[in-house]
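Before any comments, here is the structure.
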There are 4 protein chains.
Amino acid sequence: MTVMEKIEEVRDAKWFSNLTTIIILAYASVLGFKTLGEVETNYSMLLKLADYFVTIYFVFELSIKMVSEKKFINFFKNGWNVFDFVIVVVTLLPLEQSGFAAIARVLRVFRVLRLFTSRPELKAIIDMLIKAIPSIIDIVILMFIIFYIYAIVGNFYFSELPSGLWKDFLVSMLTLFRVLTFEDWTDVMYEAMDVYPWAWLYFVSFVIIAAFVFFNLFVAVIIGEMQKLQESDMKQEMHEDHLKIDLLLNEIKALREEVKELKKE
Amino acid sequence: MTVMEKIEEVRDAKWFSNLTTIIILAYASVLGFKTLGEVETNYSMLLKLADYFVTIYFVFELSIKMVSEKKFINFFKNGWNVFDFVIVVVTLLPLEQSGFAAIARVLRVFRVLRLFTSRPELKAIIDMLIKAIPSIIDIVILMFIIFYIYAIVGNFYFSELPSGLWKDFLVSMLTLFRVLTFEDWTDVMYEAMDVYPWAWLYFVSFVIIAAFVFFNLFVAVIIGEMQKLQESDMKQEMHEDHLKIDLLLNEIKALREEVKELKKE
Amino acid sequence: MTVMEKIEEVRDAKWFSNLTTIIILAYASVLGFKTLGEVETNYSMLLKLADYFVTIYFVFELSIKMVSEKKFINFFKNGWNVFDFVIVVVTLLPLEQSGFAAIARVLRVFRVLRLFTSRPELKAIIDMLIKAIPSIIDIVILMFIIFYIYAIVGNFYFSELPSGLWKDFLVSMLTLFRVLTFEDWTDVMYEAMDVYPWAWLYFVSFVIIAAFVFFNLFVAVIIGEMQKLQESDMKQEMHEDHLKIDLLLNEIKALREEVKELKKE
Amino acid sequence: MTVMEKIEEVRDAKWFSNLTTIIILAYASVLGFKTLGEVETNYSMLLKLADYFVTIYFVFELSIKMVSEKKFINFFKNGWNVFDFVIVVVTLLPLEQSGFAAIARVLRVFRVLRLFTSRPELKAIIDMLIKAIPSIIDIVILMFIIFYIYAIVGNFYFSELPSGLWKDFLVSMLTLFRVLTFEDWTDVMYEAMDVYPWAWLYFVSFVIIAAFVFFNLFVAVIIGEMQKLQESDMKQEMHEDHLKIDLLLNEIKALREEVKELKKE
């Protein structure tokens, strides 16, 4: 058994992926507890240590994964490897000493995202979520058009309202997003109705249209998934049966012809 | 290749529909940025220019679509063409000079709706949404009856409450719509309970009944779509198989009869 | 054609049910507009007239339905007839002259419910909604147990809070219903957390458990309906096919036996 | 009939489980009414009596269930029996006399949970809910990662905000849970935007990501259940048919060969 084979064995071992998971979780806990004010001073030493350890471990783990590939370039053909690589490299940058210490500290948190790569089930769910995006892309465009028109109209009429919720186009979009989540939307409406009594039409129509589109999006996604389910192997088998039954009929008819000929002899 | 064929080719070309999409999006951006206060003065010239350009482009595009039809009247047989035509004509009206400048500026926004016609996928979704309306029309009537009765009762008892949320029939309807979205509905309830301690019964029953009807509407729509899915080609094929198997049985029985006759000879 | 047959013909006529629908809608509009303060004085005469007319029309319509039955008792065997009868009788009671004028005015509104009986589609939806109740009855009991336990615990710990949201068992139930609709539930939580810092556990667990039960209720109802759909005629046909294919196999085997005997001869 | 058989008969009798249900409901009502302030003094005697009675009844009922098992240890092999046993034992502890009277009173409420064991339908629903947990466990982990990262980032930037909604890691998690339920989430956002104008990006992205994950979780659960439904007996039957049709074809081909041989003779 060569060194190469040993490295490959380690890379694919269950205990190695479990070890990575545990180290990330431990690191996440340290980061989480650090924010509790009272323990900060005592634990800042621990945090620094954990930080160094995790950095070294991540570089070590990544090296194993890289070395075990036959061709170096293959490593980057897997999207998840690129994801791991970017996280490790970004958190290696010596930003702490420079003026970007604050950014460095925030970036550190994204290391927790590596939990995805250490748990195959989560990888599968993320893949599924990404695959679900195209099926809703047109609804997103439709939503954007509805938001756009309502934002322009809202900004045109309500821009002078004292709350400043419609003061420019982007703020109007944000206000409409808030109305969509039903978050104190009547406060926004009543303020507009004080100046324009017809404003309820604007808000009620927006809520109904947006909710109706959402409702149908939901149903459409479920039906789409159902269709995929039905077009699976079961349907395939059924279609084969359909063709074979025709074949059967022809066979029997041919057989009958032959028996008839037998009779004539 | 005649001029007519050339026009038709342009009309159906992918680059022509893409060009229209890009022009609408660019125009939408100009309209959107215009509302950001700080850039208004600098960009008002740009806006005017964009406005003239889009008006001319839309007229030009519509002309191509009209001219390329063999019979002029066919153009108006397609609902989407009528939709385009109305938007272009309405935004052509010289309202800016008259006293309706404000309305003209709002109407301009509806040009963005032409994105629907330039993107076939969005046309399909809009068609789907319109087709989904009849399947919920009776639930809408049912909702209206529930709203109506609660609005009359609410207006009868709560019309004197200081908030004025029940001061007439239409305002009561609006208040009930608010309660349906769970938007600060307890504020409305607690105010009513101060005068009528039984008011919680009115609100809780409304919330439960309205939510129950909605819940069932949702399930009904999904089940309805599923039924359509099952009644598709797959079911058709299965039914054909069902009939053919009967045919097979009869064929084989006939064959057996003939073999029996053979034996007797 | 006897008088009896003529009455039956009128009862089943489409125009008769449409007339009833229009009269109810007109009456509903009069009731609705009456509540708009400014028109009340002018329209109170109209309202009285509409009231008399609708009362007479309802009695007339009900008489036709009653008379056209062969046996008088059959009329009451249909639930919807009983529903009509109760509404007409209750609104006939001379409560206006007595001290219950207010109740009489509210009861009048329930006449609009007769829209259900005049539109067959709505009858069907109501029947569907009633049929859907048993499938969720056990979830309702489960919800009640969750509410009950949380209400008792909440009332026990939080009854002294200044807002009075937990002052007795029934008020606690109402407060929990409010929390379930996410209506300002953090206000309730933060108030409790001021005294009991662990209170977030009470609220977050309640929200998660209640939402989880609801979520599963929803999925269960959809799956239940799907199962009914699959157990329909399609499945029936498939099962028949399954049995017939066995029959076919036996027939062919018998046939082969006979051909073999032929050969031996 | 031995004493043992009689005990078993009682244990399985419908009237015995109904009696238990009624006693628990009566006890629950007494507990509920006790909390209504005005009746407390009059009913405290009744409550004490009900308490003694229920304690004795529960011990009696449990004894019957224990005694009727052939092997004593079998009793504890059923999870629901263990559940009953724990509730009865815990409420038997003489905590009233000790310093834990308050805890004892709260524990008493959990006796109502025994409604689950007395109604088989509820047992089934609870079993279903518990079975549904594994299918969402990975989504829960995913949700946790999203919450974790947003909590760390939120706590890092917003910890100094006057509302104290981000003052430590756990409070940030609670605040994010609140944002997820759309409960006054804009108040939280507007406060953050006063200091960091880009904060809307943090909140809007969290709402969209969390809602998107939830939405897909929902669809995934429904589709998963559908798949189970399709893989049931119906699919089994169809697959058998598929194999039998192949068998049929082979039989007929063999038959044709034999007829051909007949002809040659």
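Please tell me if residue A:170 is part of a helix (DSSP H, G or I), under 24 Å from residue D:188 (Cα atoms) and touching a helix residue (DSSP H, G or I) at 6+ places or on another chain (Cβ under 9 Å).
yes
Could you tell me which numbered condition residue C:130 fails, if it satisfies all but one of (1) among the aliphatic types (A, V, I, L, M); (2) touching a helix residue (DSSP H, G or I) at 6+ places or on another chain (Cβ under 8 Å); (3) part of a helix (DSSP H, G or I)?
(2)
Under 9 Å by Cβ, and 6 or more places apart or on different chains, what pairs join a residue from segment C:244-259 that is under 17 Å from residue B:244 (Cα atoms) and more than 7 Å from every other protein chain (Cβ to nearest Cβ) with one that is open to solvent by 30 Å² or more (accessible area, probe 1.4 Å) and among the basic types (Lys, Arg)?
Final answer for the pair search is C:246/D:244.
Would you check if there is a residue in segment B:213-231 being among the polar types (S, T, N, Q) and touching an Asp or Glu at 6+ places or on another chain (Cβ under 9 Å)? Step through it out loud before you land on a result.
First pass over segment B:213-231, keeping only residues among the polar types (S, T, N, Q): B:216, B:227, B:230.
When the remaining residues are screened for being touching an Asp or Glu at 6+ places or on another chain (Cβ under 9 Å), the result is none.
Taking every residue of segment B:213-231 in turn, none turns out to be among the polar types (S, T, N, Q) and touching an Asp or Glu at 6+ places or on another chain (Cβ under 9 Å).
Which of the residues that make up segment D:59-78 are closer than 15 Å to residue D:118 by Cβ and without any contact (Cβ under 8 Å) to a residue 12 or more places away in the chain? Full working, then the answer.
Filtering segment D:59-78 down to residues closer than 15 Å to residue D:118 by Cβ leaves D:60-62, D:64-65, D:78.
Selection gives D:60, D:78.
Scanning for something free of Cβ contacts under 8 Å to residues at least 24 places away in the same chain and crowded, with 19+ Cβ neighbours inside 10 Å, does segment D:197-211 turn up at least one residue? Walk me through how you get there before you give the answer.
Filtering segment D:197-211 down to residues free of Cβ contacts under 8 Å to residues at least 24 places away in the same chain leaves D:197-198, D:200-201, D:204-205, D:208, D:211.
Add one more test, that the residue is crowded, with 19+ Cβ neighbours inside 10 Å, and what stays is D:200.
Yes.
Quick one: residue C:187 ticks every box in (1) modelled with pLDDT of 75 or more; (2) more than 9 Å from every other protein chain (Cβ to nearest Cβ); (3) in a helix (DSSP H, G or I); (4) more than 26 Å from residue B:213 (Cα to Cα) bar one, so which box is it?
(2)
Can you name the condition, by its number, that residue D:226 falls short on among (1) more than 7 Å from every other protein chain (Cβ to nearest Cβ); (2) buried (at least 18 other Cβ atoms within 10 Å of the Cβ); (3) in a helix (DSSP H, G or I)?
For residue D:226, the exception is condition (1).
Out of C:156, C:177, C:182, which single residue is more than 8 Å from chain D (Cβ to nearest Cβ) and of a type in the set (A, V, I, L, M, F, W, C)?
Residue meeting the stated conditions: C:177.
Among the residues of segment C:210-226, is any closer than 30 Å to residue D:241 by Cα and not aliphatic (A, V, I, L, M)?
So far as segment C:210-226 goes, yes, one or more of its residues are closer than 30 Å to residue D:241 by Cα and not aliphatic (A, V, I, L, M).
I'm checking my understanding of the structure. Among residues of segment B:159-170 that are farther than 20 Å from residue C:110 by Cα and either at the interface with another protein chain (Cβ under 9 Å from one of its Cβ atoms) or among the acidic types (Asp, Glu) (or both), which one is nearest to the chain's Cα centre (by Cα)?
My answer is B:167.
Just give me the residues in segment B:19-58 being surrounded by fewer than 17 Cβ atoms within 10 Å (Cβ to Cβ), within 24 Å of residue A:153 (Cβ to Cβ) and modelled with pLDDT of 80 or more, in sequence order.
The answer is B:21, B:22, B:25, B:26, B:29, B:49, B:52, B:53, B:55, B:57.
The values are calculated or read from the model by the stated rules, or taken from the named source; none is laboratory data. Keep in mind the model is a prediction, meaning the values are calculated, not measured. FYI the Cβ positions are ideal-geometry reconstructions off the backbone, even for glycines, and counts take in every protein chain you see. What goes into the accessible areas is simple: the full protein's heavy atoms, side chains included, and nothing from ligands, DNA or RNA. Shrake-Rupley method; radii C 1.70, N 1.55, O 1.52, S 1.80 Å.
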